[in-house]
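The structure appears right after this line, and notes come after that.
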Amino acid sequence: MNKLRAVMALATSLILATAANAALVETVIDVPGFADFLAIDGDSVWATNKGRVERWSKAGKLAEVAMAHPCGTMTISAGSLWVADCDQKTLNRIDIRTAKLTAVIPTGLASPDGEMSVVSGAGSVWVASDKTGLIARVDPATNNIIASIKVEPGSCYLAFGFEALWVVSAGTQTIQKVDPATNNVVKTTKLGRQPGFLAAGEGGVWVQEQGDGTVARIDPATGDVSGRVKIDETLKYGDIDTGGSKVWLRTTANQTLVIIDPSSLQVVGRVGQESGSGALRYTPTGVWTTAHDMHKLSLWIETVKTTEQDRAVQF
């Protein structure tokens, strides 16, 4: 049975987030192995691990599915978890109700070291499939590749939002906007050094510029950079998500995560202790993070102190 421990140290885990009386409380779940990338499934979460993907809740592990090497960001669509296998260079489909593997699709992978993305949108699942610059579009109804989209070489980071697929190439330091109606790149914009993971929401497309220690905001209408937020000297790896009128950034130096106000482009919270690399996903009831080197999965829930009592509230 995995032990759950609430981390309540005011100096570290209770960090001011959105107001003078608001704080995030961390609940830690010990997860053996190398829990890394996350996908939200209701009040539970799927995590990649060594040789498997696992479904976890606050109560413990709910399911496990064996894979050779699950890797990269995952997505849930059409009742399934879609996850890449870096050993087999395939896109794997797992029924989230039965926790059974239902399809293995030989897409190829643009970044078999695991720093890549699988996303869903416009009725399709999208995977960066070749380092020369190809995105495979998969139809969940047939499990077939229905389009192969030419993009910049080295494109392996994806997000879907604002009725478009957004593709980042670290090699050419660009973000590309793909129109799903035509499967064509309609805008290419230059980014800062070592761009990486990205998220679409809260009024923009947000990209980690890892070499510059910044997060860039892309205007979804024009595809141009509309602002930047300085986080640290560098932003190596980590993760990013949006929700609850905030941008959430999993960091690898100085703290666990950073909270950004998308309107003012100001850092409004630095939360937790430095905990190495890991993933992050937002839900309306809390934010999930992993710290694979520390073998833990955490759920951060906002609390507000009132004059009567401390009470938990939703984001």
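When the pairs Lys50/Lys296; Lys100/Lys131; Lys50/Lys89; Lys50/Lys150 are compared against a 22 Å limit on Cα-Cα distance, Lys100/Lys131; Lys50/Lys150 fall above it. Summing Cβ point charges (Lys, Arg +1; Asp, Glu -1) relative to the Cα centre of the chain gives a dipole of roughly 240 debye. Just check the stretch 155-286 against the gyration tensor rule for me: Cα atoms, a ≥ b ≥ c as the square roots of the eigenvalues, rounded for a/c under 1.5, and otherwise prolate or oblate depending on whether a/b exceeds b/c. Prolate, because a/c is 1.5 or more and a/b exceeds b/c. Taking every C-alpha pair closer than 8 Å and separated by at least 6 residues, the mean separation divided by the residue count of the stretch 186-315 gives a relative contact order of 14 percent. Look at the dipole of the stretch 49-179 built from charges on Cβ: of Thr102, Val151, Pro112, the Cα furthest out on the positive end belongs to Thr102.
For the chain, taking a cut-off of 4.7 Å between Cβ atoms, the unpaired cysteines are Cys156. If the segment from Lys190 to Lys50 were pulled out straight at 0.36 nm per residue, it would be longer than the present Cα-Cα gap by 46.9 nm.
Summary value for the chain: 14 percent relative contact order, contacts being C-alpha pairs under 8 angstrom separated by 6+ residues. By the rule of a C-alpha distance below 16 Å, with chain neighbours fewer than 8 residues away ignored, the aspartates and glutamates paired with Lys190 are Glu152, Glu209, Asp212, Asp219, Asp224. Across the stretch 160-234, C-alpha contacts under 8 Å between residues 6 or more apart give a mean separation that, scaled by the residue count, equals a relative contact order of 22 percent. The modelled label-to-label distance between Asn254 and Val104, using points 7 Å beyond Cα along the C-beta direction, is 4.5 nm. Using the beta-carbon distance between Asp43 and Ala66 and R0 = 22 Å, what value does 1/(1 + (r/R0)^6) give for FRET efficiency, to the nearest 0.05? My answer for the efficiency is 0.35. Taking trypsin sites (Lys or Arg not before Pro) across the stretch 94-140, the ones in a DSSP loop with at most 11 further Cβ atoms lying within 10 angstrom of their Cβ are Arg97.
Any read-out appearing in this document is the output of simple, stated calculations on the displayed coordinates, not a laboratory observation. Since the model is a prediction, treat every value here as computed from it, not as a measurement. Positions of Cβ are backbone-derived with ideal geometry, glycine not excepted, and every protein chain shown enters the neighbour counts.
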